[in-house]
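S.K.: Dropping a structure here in structure tokens format, bear with me for questions.
The values are calculated or read from the model by the stated rules, or taken from the named source; none is laboratory data. In this text the structure is predicted, and so the values were computed from the model without any measurement. Because the Cβ atoms are built from the backbone with ideal geometry, glycine has one as well, and the counts that use them run over all protein chains shown. Only protein heavy atoms, including side chains, enter the accessible area calculation; ligands, DNA and RNA are left aside. Shrake-Rupley method; radii C 1.70, N 1.55, O 1.52, S 1.80 Å.
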Amino acid sequence: MTPDFEHPPERRGTDSVKWDLKPHTPDGRSILPMWVADMDFPIPDVVQSALRERISHPVFGYSYLSAAHQEAFVAWQRRRNSWEIDREWLVYAPGVMPAVRAAIRTFTEPGDEVIMQPPVYNPFFCAIRDSGRVVVENPLVAVNHSYQMDLEHLEAQISDRTRMLILCSPHNPVGRVWTPDELIALAELCGRHNLTIVCDEIHGDLIREGHSFTPLASISPEISSRTITCAAPTKTFNIAGLASSFAIVEDPRKREALAATIERLGLDLPNTLSLTAATAAYSNGAEWLDALLEYLNATYDWFEREFATRFPRLGLCSIQGTYLAWIDFRELMESVGADDTAVQQALLDVGGLWLSEGSWFGTAGQGFQRMNLACPRDVIRDGLDRLEIALGALS
Ligand SMILES: Cc1ncc(COP(=O)(O)O)c(C=O)c1O
């Protein structure tokens with residue numbers, strides 16, 4: 001049966017971060033949330049059935065990572081990305097951010113420098129700073145509403161305290177799917193300076209038609225040996241509330257060290273229902289994902305046309321992956337003399353539209369807003385109407 005992406009269930013009242021945290025404007029109108037990166041679509045039937053079946057057994061004692069669970073992920077990578085990994089390489093973590101945090105603690109010392117390329121997912125900044133490491137920023141460079149890495153600037157930033165680079169691939173929030181050439185050039189640079197690469201591939205299954213995703217570590221054994229890949233079923237299958245993830249670490253010494261940190265932090269025990277959901281999703285969720293990607297592809301095509309017609313004073317970055325639209329307000333802000341706070345206030349209080357504020361992704365994100373497109377097109381249309389109302393208050 002084709003999944004119905006047009007009529008998702010009501011999410012209000014489910015303790016949803018997206019829908020329940022801020023339901024109303026100050027004067028009591030409903031707020032449409034298009035910010036946090038989860039989808040409004042129901043999960044695949046096969047995942048829901050697997051969960052139902054597991055719940056029908058009335059004991060929920062400790063669970064371990066079964067071979068079936070690991071094999072489901074290994075087979076997924078083989079089928080979707082032609083990436084041959086060994087299940088021995090997998091290290092469980094209860095989420096990508098716990099794995100990233102553990103990797104920072106394992107492969108760097110307090111005071112060491114970690115490079116990131118903002119605008120980028122904000123918790124990376126916190127993970128580095130919270131552990132007493134130093135953030136080094138190599139901002140992405142925007143060219144014609146698409147972003148590139150500035151490798152010359154990156155290399156110039158490296159000092160004898162630089163130990164690690166965190167790559168977001170595909171990149172949240174700018175929606176880039178890095179090409180093999182871009183990945184190889186970056187990895188060669190990291191190789192020259194002996195940097196460990198933490199590669200966050202949580203959005204790696206959400207690729208727009210016409211683009212192709214390459215897991216960084218699949219490119220060569222040399223790259224794989226310096227890379228900690230973080231992958232998860234949570235974005236792909238909309239099961240972020242059933243948190244789970246795998247770090248893929250080919251180098252045995254690095255793997256043991258990372259696993260030891262995860263254990264020391266008390267993060268090694270998997271949640272029973274998360275395992276059930278992830279195993280079912282990786283084993284039987286491909287058809288649902290293909291249907292989802294088809295729906296999202298049509299959304300992107302429609303959204304880009306609609307956006308260009310209705311908002312000529314805003315810029316829209318090309319969407320290659322993720323499901324997140326990165327919108328440039330800078331020209332408009334300059335022409336009306338508005339700052340980020342004024343834009344956010346107009347969006348929320350006047351338009352009743354909650355987007356992710358660009359500055360959350362670092363100073364490189366100032367003047368931007370991120371819009372989550374993983375919802376029915378009618379809801380996006382409502383979002384665009386609200387955006388228009390908000391802009392009316394700014395001009
Ligand atoms: C790039 C990126 N990494 C990690 C996460 C969070 O992952 P987890 O919930 O598994 O910690 C997100 C969630 O939006 C994300 O966009």
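S.K.: Return the residues of the range 189-203 that are near the ligand (Cβ under 10 Å from one of its atoms) and open to solvent by less than 10 Å² (accessible area, probe 1.4 Å); say none if nothing qualifies.
M.R.: Scanning the range 189-203 gives 200, 203.
S.K.: Look through 105, 80 and report the one residue that is at pLDDT 95 or above, assigned to a helix (DSSP H, G or I), more than 30 Å from residue 377 (Cβ to Cβ) and of a type in the set (Lys, Arg).
M.R.: Numbers: 80 fails: more than 30 Å from residue 377 (Cβ to Cβ).
Sole residue among the options that is at pLDDT 95 or above, assigned to a helix (DSSP H, G or I), more than 30 Å from residue 377 (Cβ to Cβ) and of a type in the set (Lys, Arg): 105.
S.K.: Next question, about the same structure. Is it the case, given these coordinates, that residue 78 is away from the ligand (no atom under 15 Å from the Cβ) and either in the same structural domain as residue 232 (by TED's automatic domain parsing) or in contact (Cβ under 8 Å) with a residue 12 or more places away in the chain (or both)?
M.R.: yes
S.K.: Separate question: Could you list all residues from the range 92-128 that are touching a Gly at 6+ places or on another chain (Cβ under 6 Å) and within 11 Å of the ligand (Cβ to nearest atom)?
M.R.: Of everything in the range 92-128, nothing turns out to be touching a Gly at 6+ places or on another chain (Cβ under 6 Å) and within 11 Å of the ligand (Cβ to nearest atom).
S.K.: Also, I was wondering about something else. Being assigned to a loop (DSSP other than H, G, I, E, B), open to solvent by less than 70 Å² (accessible area, probe 1.4 Å) and more than 16 Å from the ligand (Cβ to nearest atom) narrows it down to one residue among 43, 85; which is it?
M.R.: Answer to the check: 85.
S.K.: While we're on this one: List the pairs whose first member sits in the range 194-218 and is within 23 Å of residue 101 (Cβ to Cβ), whose second member is away from the ligand (no atom under 16 Å from the Cβ) and polar (S, T, N, Q), and whose Cβ atoms are under 6 Å apart, counting only residues at least 6 apart or on separate chains?
M.R.: Hits for this filter: 215/81; 217/224.
S.K.: For the range 354-374, state whether one or more residues are among the aromatic types (Phe, Trp, Tyr), assigned by TED's automatic domain parsing to the domain that holds residue 323 and open to solvent by 40 Å² or more (accessible area, probe 1.4 Å).
M.R.: We begin by selecting, within the range 354-374, every residue among the aromatic types (Phe, Trp, Tyr); these are 354, 360-361, 368.
After this cut, where a residue has to be assigned by TED's automatic domain parsing to the domain that holds residue 323 as well, the list is 354, 360-361, 368.
Narrowing the set further to residues that are open to solvent by 40 Å² or more (accessible area, probe 1.4 Å) leaves 360.
Yes, because at least one residue in the range 354-374 is among the aromatic types (Phe, Trp, Tyr), assigned by TED's automatic domain parsing to the domain that holds residue 323 and open to solvent by 40 Å² or more (accessible area, probe 1.4 Å).
S.K.: Name, by its number, the condition in (1) touching a residue at least 40 places away in the same chain (Cβ under 8 Å); (2) open to solvent by 30 Å² or more (accessible area, probe 1.4 Å); (3) away from the ligand (no atom under 16 Å from the Cβ) that does not hold for residue 253.
M.R.: Status for residue 253: all satisfied but (1).
S.K.: For the condition out of contact with any Leu (no Cβ under 9 Å at 6 or more places or on another chain), within 30 Å of residue 60 (Cβ to Cβ) and crowded, with 17+ Cβ neighbours inside 10 Å, what is the one hit in 295, 282?
M.R.: Numbers: 295 fails: within 30 Å of residue 60 (Cβ to Cβ).
Unique residue meeting the criteria: 282.
S.K.: Which count do you get for residues in the range 26-36 that are under 11 Å from residue 348 (Cβ atoms), more than 16 Å from the ligand (Cβ to nearest atom) and not in a loop (DSSP other than H, G, I, E, B)? Spell out how you get there, then give the answer.
M.R.: First pass over the range 26-36, keeping only residues under 11 Å from residue 348 (Cβ atoms): 26, 29, 31-33, 35.
Then keep just the ones that are more than 16 Å from the ligand (Cβ to nearest atom); that gives 26, 29, 31-32.
Those still in the list that are not in a loop (DSSP other than H, G, I, E, B) too: 32.
Residues in the range 26-36 being under 11 Å from residue 348 (Cβ atoms), more than 16 Å from the ligand (Cβ to nearest atom) and not in a loop (DSSP other than H, G, I, E, B): 1 in total.
S.K.: Checking residue 225 against (1) of a type in the set (Gly, Ala, Ser); (2) closer than 18 Å to residue 166 by Cβ; (3) open to solvent by less than 10 Å² (accessible area, probe 1.4 Å), which test does it fail?
M.R.: Evaluating residue 225 over (1) of a type in the set (Gly, Ala, Ser); (2) closer than 18 Å to residue 166 by Cβ; (3) open to solvent by less than 10 Å² (accessible area, probe 1.4 Å) leaves (3) as the failure.
S.K.: When you go through (1) surrounded by fewer than 18 Cβ atoms within 10 Å (Cβ to Cβ); (2) away from the ligand (no atom under 16 Å from the Cβ); (3) in a loop (DSSP other than H, G, I, E, B) one by one for residue 267, which number turns out not to apply?
M.R.: Failed condition: (2).
S.K.: Return a yes/no flag: does the range 175-184 have any residue that is without any contact (Cβ under 8 Å) to a residue 60 or more places away in the chain, of a type in the set (Ser, Thr, Tyr) and surrounded by fewer than 16 Cβ atoms within 10 Å (Cβ to Cβ).
M.R.: Within the range 175-184, the subset without any contact (Cβ under 8 Å) to a residue 60 or more places away in the chain is 178-184.
This time we only want the ones that are of a type in the set (Ser, Thr, Tyr), so: 179.
Those still in the list that are surrounded by fewer than 16 Cβ atoms within 10 Å (Cβ to Cβ) too: 179.
Yes: one or more hits.
S.K.: Still on this model: Restrict the check to the range 229-248 and report whether at least one residue is open to solvent by less than 50 Å² (accessible area, probe 1.4 Å), in contact with a Cys (Cβ under 8 Å, 6 or more places away or on another chain) and assigned to a loop (DSSP other than H, G, I, E, B).
M.R.: No, there is no match, as no residue in the range 229-248 is open to solvent by less than 50 Å² (accessible area, probe 1.4 Å), in contact with a Cys (Cβ under 8 Å, 6 or more places away or on another chain) and assigned to a loop (DSSP other than H, G, I, E, B).
S.K.: Would you confirm whether any residue within the range 17-25 is in contact (Cβ under 8 Å) with a residue 24 or more places away in the chain, closer than 22 Å to residue 389 by Cβ and in a loop (DSSP other than H, G, I, E, B)?
M.R.: Yes: the range 17-25 contains one or more residues that are in contact (Cβ under 8 Å) with a residue 24 or more places away in the chain, closer than 22 Å to residue 389 by Cβ and in a loop (DSSP other than H, G, I, E, B).
S.K.: State the number of residues belonging to the range 110-134 that are open to solvent by less than 30 Å² (accessible area, probe 1.4 Å) and under 19 Å from residue 154 (Cβ atoms).
M.R.: 12
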